[in-house]
Structure formats: C-alpha cells, structure tokens
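The values are calculated or read from the model by the stated rules, or taken from the named source; none is laboratory data. Please read these numbers as outputs of a predicted model, since none were measured by experiment. Backbone-built Cβ (ideal geometry, glycine too); neighbour counts: all protein chains shown. Ligands, DNA and RNA are stripped out before the accessible areas are found, and what is left, the full protein with its side chains, is counted by its heavy atoms. Shrake-Rupley method; radii C 1.70, N 1.55, O 1.52, S 1.80 Å.
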Amino acid sequence: MVHWEDSFSRYKLRQNAQQNSQERGRVVSFTPSAMFRYTLMRLGIFVGSFLAIWGLVYVRVLPSGLGSSNLFWVALLALVVSAPLSWVLLRRQRDAVAVQVAEKVDRAKERLAANQSQEDGV
C-alpha cells in the first residue's frame, strides 16, 4: 500500500534532483542512442513480419512447416522477409548509427594519440 507521504517524498526527491542538475548547468533527459533506436526498429519490423506471416500460415495462404516445425518455419520466413525490409526502411537510421560510431572512433583515436604523446614526453 502506497501512502501519500511516500509519493510526496518521492516527488520532492525528484524535484530536488532536477533543481540540483539545473544549478550545475546540466539538463536531465534521456535520449536513446542511435544504435538503441535502430535495434528497436529492427526488432519491430521482425515482430511485424512474424505476426503477418503467422497470420498467413494460420489462414493457410502459406504452407505450414513439416510436422511440429511450424514456429521455426514462421520465424525463418520472418527473418527472410524482415531483412530486406529493414535494409530499405531503416537506411536513415543506419546512417545515424554510422555517424555515431565514427565519432566514438575519432574520440578514441584522439585519446590514444594524446596518451602516446604524453609517454613520449617523459
């Protein structure tokens, strides 16, 4: 059972955390990375394909698998269908992931170069 005092104290804690972060000049927000968004979109396309193909197998438009392999058959067909769909539909998101990865690699190279120059100076 949640008492109103508990929810009020949680509200005050959250409000204090936001105030402290604003005083430090930081904004509290969650922006998912490009890779996380791409993964979720890709999973969504697969699930949509899986459900569509399962429906087509259920109404016997597509053949069911051999014996008890129906679920495996539907998953395999969903993979085959969702791969080209993801390739076409998620092009912009893939480009965003590539930019994000390239930025991280550049930062890592800069840190490596800075560390190597410090070692050479000693």
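State which residue pairs qualify: first residue farther than 11 Å from SER49 by Cβ and inside segment 61-90, second residue open to solvent by 60 Å² or more (accessible area, probe 1.4 Å) and not hydrophobic (A, V, I, L, M, F, W, C) in any location, beta carbons under 8 Å apart, and separation of 6 or more residues or different chains.
Listed by first residue and then by second, the contacts come to ASN70/SER64; TRP73/SER64; LEU90/ARG42.
Count, please, the residues in segment 48-102 that happen to be part of a helix (DSSP H, G or I), of a type outside the set (A, V, I, L, M) and over 23 Å from PHE36 (Cβ atoms). Please lay out each step first, then the result.
Start the filter on segment 48-102 by keeping residues that are part of a helix (DSSP H, G or I), which leaves 48-58, 70-89, 91-102.
Now restrict to residues that are of a type outside the set (A, V, I, L, M): 48-50, 54-55, 58, 70, 72-73, 82, 84, 86-87, 91-95, 100.
Now drop any that are not over 23 Å from PHE36 (Cβ atoms), which leaves 54-55, 58, 70, 72-73.
The qualifying residues number 6.
If I go through segment 36-76 residue by residue, how many of them are within 30 Å of ALA96 (Cβ to Cβ), aromatic (Phe, Trp, Tyr), open to solvent by 50 Å² or more (accessible area, probe 1.4 Å) and touching a helix residue (DSSP H, G or I) at 6+ places or on another chain (Cβ under 6 Å)?
Within segment 36-76, residues that are within 30 Å of ALA96 (Cβ to Cβ), aromatic (Phe, Trp, Tyr), open to solvent by 50 Å² or more (accessible area, probe 1.4 Å) and touching a helix residue (DSSP H, G or I) at 6+ places or on another chain (Cβ under 6 Å) number 1.
Out of segment 77-102, which residues are surrounded by fewer than 11 Cβ atoms within 10 Å (Cβ to Cβ) and basic (Lys, Arg)?
Result: ARG91, ARG92.
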